[in-house]
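The values are calculated or read from the model by the stated rules, or taken from the named source; none is laboratory data. Everything numeric in this text was worked out from a predicted model, so none of it was measured. In this analysis, Cβ positions are derived from the backbone assuming ideal geometry, glycine residues included, and neighbour counts consider all displayed protein chains.
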Amino acid sequence: MILLVDFGSQTAHLIGRRVRDLGVKVTIVEPEHALEQIKKLNPKGIIFSGGPASVFEKGAPTIDKKIYELGIPILGICYGWQLTAYLLHGSVKEGKKEYGPTTLKIQDFSDIFYGLPESTRVFESHGTTVYDLPIGFQSIASTGHVQYAAAKHSSKHIFGVQFHPEMYHTKHGRAILKNFLTRICTIGVHPKRLDVQAMIDEIREKVGDKRVMGAFSGGTDSAVAGALVARAIGNQFIPIYIDSGLMREGTIERIKNNFPDLLGMKVTIINARREFLSRLAGVTDPELKRKTIGRLYIELFEKEAKRYPDVQFLLQGTTYADFIQAKGKGKDRSAHIKSHHNVGGLPEKMKLQLLEPLRYYYTDQVRKIGLKLKLPKDVIYQQPFPGPGHAVRIVGEVTPSRLAQQVEADAIVVAELKKANWYHRVFQCWSVMTGTNSTGVKGDGRFYGEVVALRIVTSKDRMTADWVRIPYEILARISTRIVNEVPGVSRVVYDITTKPPATMEWE
Ligand code: XMP
């Protein structure tokens, strides 16, 4: 078993998942309970996660230094490494901030970097850096800006890395964690399989003879969640689709035509397009926008639920990435990034109990579950689409005309990527109404219209993303079509920012 100390990182759960995927048990603990839990559980290794604080900040989370004396292997990641260096009297300072991909040059291949090439791509996200190593430590890898991007103690099994091996965009991240587990902690690894039948049994047990209403968005997550519940409880399930008008072109048709077959039952459709637009009138703050949409969804569900007095559960296709990005309240140390409508925006006194069978799964796992349930590939491999839909892709107020522009521009992006066989090669692609105007010339006249941005990204788990080096000809076609076909658009630009530091959505 591995003990994972969570210093509030967005990716602490991801570290846990990477380790569990290798068939090794993980217990996640708060820093202040780490020593007592280590003594109680006797883990074979300890991992310190990253975290948003700086070690010298007032109130920054810390651990009991005795942990370093126990002889148990330790791997400190980002904040976990800085804290280790700080507590063992190295020097840690505010340094050059590094966010996103960078090249790691490895000097020592004997332990955690066993079998890796001399240089490899890693993902970093830090503003604090280790400047002087504590006594007994030596550097094992560096980057262009950071000399001690990775270090080890020469006799104790203590390792530190400045970058994030758990992130998918760190090319050899899995190998680094596996090396730590097998070579340093001497644990055998046995990659794990998904047990869909166990998920279905669990839902049946939890729900008993009660009824469940299902919140559909038309996307993969809610379709997979719905199919799981339909298999588990059959007609006790009431699938509903609230048509907000904020979804992609073609969504409502798909819900009407494909979903009844997919679930083996009829889907109730509630047309609420007008209501969403009127609630969104005048709302420009992104968080308020998310919450407004989230609240209206729930209100409409609650109203519908009154027609079924025996309904006790509300099904949502929330995945772990939705949940982790929306956390950050109460005791939780990770920073609050966004209120995903299906998590952070829920009213406090919701009358239905939530059923979230995918809560601990990432997108790639959800797709595997969908495959095991034999759902059609176009449902499983469609791109994820945010719950608040186009509203968070329209910077500023969502008006009927801007929504129409966005739906049209987005449909062009999707159609052109499909035509060029690129749609399935990217994680997500979409357009953004940026809220900025620019001058153009149409015909012989001056024209002042909105700038549309294109966002096309790769990602595996939504926690990190890179922009796609899409062929220029495809970008050119999209640009020409949008400025010609979408009224009121003057210009198209391409967003070339990684996550981190940017998030994928603009709002
Ligand atoms: P960000 O912008 O947070 O996006 O980097 C990460 C992933 O989450 C999707 N996203 C959402 N999904 N409800 C959702 O169900 C939301 O409120 C929401 N906001 C963002 C986004 O499309 C990307 O895949």
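Based on this model, can you work out whether Ser459 counts as among the hydroxyl-bearing types (Ser, Thr, Tyr), outside the structural domain of Asp364 (by TED's automatic domain parsing) and over 19 Å from the mean Cα position of the chain (by Cα)? So Ser459 fails the test. When each of Ile233, Ile255, Ile270, Ile293 is tested for being in contact (Cβ under 8 Å) with a residue 40 or more places away in the chain and either within 21 Å of Val407 (Cα to Cα) or among the aliphatic types (A, V, I, L, M) (or both), the lone residue that passes is Ile293. Among the conditions (1) at pLDDT below 95; (2) in contact with a helix residue (DSSP H, G or I) (Cβ under 8 Å, 6 or more places away or on another chain), the only one that Leu70 does not satisfy is (1).
Looking at the range 134-188, which of the residues that are touching a Pro at 6+ places or on another chain (Cβ under 9 Å) and of a type in the set (Ser, Thr, Tyr) is surrounded by the most Cβ atoms within 10 Å (Cβ to Cβ)? The selected residue is Thr170.
When Glu473, Glu416 are checked against the criterion of being under 30 Å from Pro101 (Cβ atoms), of a type outside the set (Val, Ile, Thr) and surrounded by fewer than 16 Cβ atoms within 10 Å (Cβ to Cβ), Glu473 stands alone in meeting it.
Which condition breaks for Val283 when tested against (1) outside any helix (DSSP H, G or I); (2) crowded, with 21+ Cβ neighbours inside 10 Å? Result: Val283 passes all but (2). Taken together, Ile456, Ile482 contain a single residue that is surrounded by 17 or more Cβ atoms within 10 Å (Cβ to Cβ) and within 30 Å of Phe163 (Cβ to Cβ), which is Ile456.
Listed conditions (1) touching a Phe, Trp or Tyr at 6+ places or on another chain (Cβ under 6 Å); (2) in a strand (DSSP E or B) are all met by Leu417, apart from (2). Any residue in the range 279-292 that is closer than 24 Å to Arg231 by Cβ and more than 16 Å from the ligand (Cβ to nearest atom)? Within the range 279-292, none of the residues are closer than 24 Å to Arg231 by Cβ and more than 16 Å from the ligand (Cβ to nearest atom). Screening Asp364, Asp410 for residues that are within 16 Å of the ligand (Cβ to nearest atom), at pLDDT 90 or above and not in a loop (DSSP other than H, G, I, E, B) leaves exactly one candidate, Asp410.
Assessment of the range 16-32 against the conditions (surrounded by fewer than 18 Cβ atoms within 10 Å (Cβ to Cβ) and touching a His at 6+ places or on another chain (Cβ under 6 Å)) yields at least one matching residue. Residues in the range 163-202 that are more than 28 Å from Ile298 (Cβ to Cβ), in contact (Cβ under 8 Å) with a residue 12 or more places away in the chain, assigned to a helix (DSSP H, G or I) and over 24 Å from the mean Cα position of the chain (by Cα): Asn179, Phe180, Leu181, Arg183, Ile184, Asp201. Restricting Gly449, Gly396, Gly435, Gly443 to residues that are without any contact (Cβ under 8 Å) to a residue 24 or more places away in the chain and away from the ligand (no atom under 16 Å from the Cβ) narrows the list to Gly443.
The set of residues in the range 374-393 being of a type in the set (Gly, Ala, Ser) and either more than 16 Å from the ligand (Cβ to nearest atom) or assigned to a helix (DSSP H, G or I) (or both) consists of Gly389, Ala391. The set of residues in the range 203-256 being over 24 Å from Asp378 (Cβ atoms) and either of a type in the set (Lys, Arg) or part of a strand (DSSP E or B) (or both) consists of Arg204, Lys206, Lys210, Arg211, Val212, Met213, Ile238. Applying the condition of being among the charged types (D, E, K, R) and surrounded by 15 or more Cβ atoms within 10 Å (Cβ to Cβ) to the range 300-359 and asking which residue is modelled with the highest pLDDT yields Glu356. Residues satisfying the criterion are present in the range 218-232 (criterion: surrounded by fewer than 20 Cβ atoms within 10 Å (Cβ to Cβ), away from the ligand (no atom under 14 Å from the Cβ) and either aliphatic (A, V, I, L, M) or over 14 Å from Phe385 (Cβ atoms) (or both)).
Yes or no, residue by residue, for (1) part of a loop (DSSP other than H, G, I, E, B); (2) touching a Pro at 6+ places or on another chain (Cβ under 6 Å); (3) under 28 Å from Leu194 (Cα atoms); (4) of a type outside the set (A, V, I, L, M, F, W, C):
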residue: Leu4; (1), (2), (3), (4): no, no, yes, no
residue: Leu14; (1), (2), (3), (4): no, no, yes, no
residue: Lys40; (1), (2), (3), (4): no, no, no, yes
residue: Gly59; (1), (2), (3), (4): yes, no, no, yes
residue: Thr62; (1), (2), (3), (4): yes, no, no, yes
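His89 meets the stated requirement of being on the phi > 0 side of the Ramachandran plot and out of contact with any Asp or Glu (no Cβ under 8 Å at 6 or more places or on another chain).
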